[in-house]
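Working notes for the structure below.
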DNA sequence: ATCATCCCCTGATGGC
DNA sequence: TGCCATCAGGGGATGA
C-alpha cells in the first residue's frame, strides 16, 4: 500500500535508472486501470525522459516534447526497471522499452492505479489542481491546519487523510502520527488547538521522514526481479497492534472504524 | 461547503 | 481440496 514515502522511494529509485533514457516502444497489456490508459499514450514513443517529479502520491514523468506522464500506484502498484529478458509477471499492465534494453514495468494487481498523459502543465490537471501542501514543505504548518479546520466537525483522522488538507498521509501513517501527537483520531478537527496542531504537524513530518529514510535502504534492490521498492520495516507503534500493549503506557491498543477505515489508537495516551 | 457512503479490484486469510 | 465470506485500502463520485 504505497503511501508518500513509498512513492518518494520509487521516484528516487527511478531517477538513476531511466532519467535521460529514450523510449523506443511501449506496450499496453491491460488498459483498464482506475481510468483507462489513453490511446494517446503512444505519443511518448521516441521521447526522452527529462525529469521525474512527485506531487503527493502522484509521479510525474516529464518528456522532452512537453508531454507529461501522470502515474499513481493506487494501493497495490509498483514499478520495476529490469532487463528485457526478465519474464513478464501477472499484472504487468504497462511496459516501456528503452533504447538501451532496459524495460520499465508497471505492475498493479488491484488496478487502483492510473497512467495518464497530459500536454499541459501537469499541476493544473484536475487530479492535481486542488491538492493541498506537501507535508514535508514549510507550507504545511500548524496555522494552515488550524485555518483549514475552521469549524469542521469531521474526525481529525479523516481530516489529515484529505488530500486537499495535506497530501500523502494515508491510513497507516495517519494512525501513527496521531499517536505520536497524543491526539484521539475521532476528535473533531475544529476542536484541536493551534498548539496541538503544531505537535501533529511535527509528528506527520517525523513519521514520513523516518519512513523515507528506511525506504532508502531498499533503493539498491530496486531493479531486482520483484521490482518493488519494498515496504518499510518501520516501527509501527499502533497500526495493526490491536490488544497489544501501548509502547508508552502498556495499555492495550484499541481498534475502531473511522470512515470505513480501520484505525488504531491508545485510549490512555490519545485525547 | 461539508461529510458520510459507495465503489473500483485482487490476494490473503480463515472457517467449514 | 475447494468454496465462500471477509478484510484490506487510495481516493474520486455521489448524494444528503
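Taken together, the values in this text are just the output of simple stated rules run on the coordinates, not laboratory data. Values in this document were obtained by computation on a predicted structure and should not be read as measured data. Cβ sites come from the backbone with ideal geometry, for glycine too, and all protein chains shown count toward neighbours.
Exposure proxy for A:210, A:39, A:92, A:108: other Cβ atoms within 10 Å of each Cβ, ordered fewest to most, give A:39, A:210, A:92, A:108.
Counting neighbouring Cβ atoms within 10 Å and putting the fewest first, the residues A:257, A:266, A:114 line up as A:257, A:114, A:266.
Summarising the label geometry, the points placed 7 Å from Cα in the beta-carbon direction at residue A:251 and residue A:85 lie 6.0 nm from one another. How big is the gap, in Å, between the Cα center of the range A:34-73 and the Cα center of the range A:231-271? Using only Cα atoms to place each centre, the spacing works out to 38 Å.
The convex hull of the Cα atoms of the range A:1-48, projected and averaged over all directions, covers 4.4 nm². Relative to the dominant Cα principal axis of chain A, helix A:171-181 is inclined by about 40°.
Can you sort A:67, A:82 from fewest to most other Cβ atoms within 10 Å of each residue's own Cβ?
A:67, A:82
For chain A, the fraction of alpha-carbon pairs lying more than 32 Å apart is 29 percent, rounded to a whole number. For the range A:1-110, report the % of Cα-Cα distances exceeding 23 Å. Of the Cα pairs, 20 percent sit more than 23 Å apart. Taking the Cα atoms of the range A:120-175, the ratio Rg/Rh between the radius of gyration and the Kirkwood radius comes to 0.99.
Per residue, the Cα convex hull of the range A:80-211 amounts to 153 Å³.
Its convex hull of Cα atoms gives the range A:153-203 a direction-averaged projected area, equal to a quarter of the hull surface, of 3.0 nm².
For the range A:76-90 and the range A:165-216, compute the distance between their C-alpha centroids and round to whole Å. Cα centroid to Cα centroid, the span is 34 Å.
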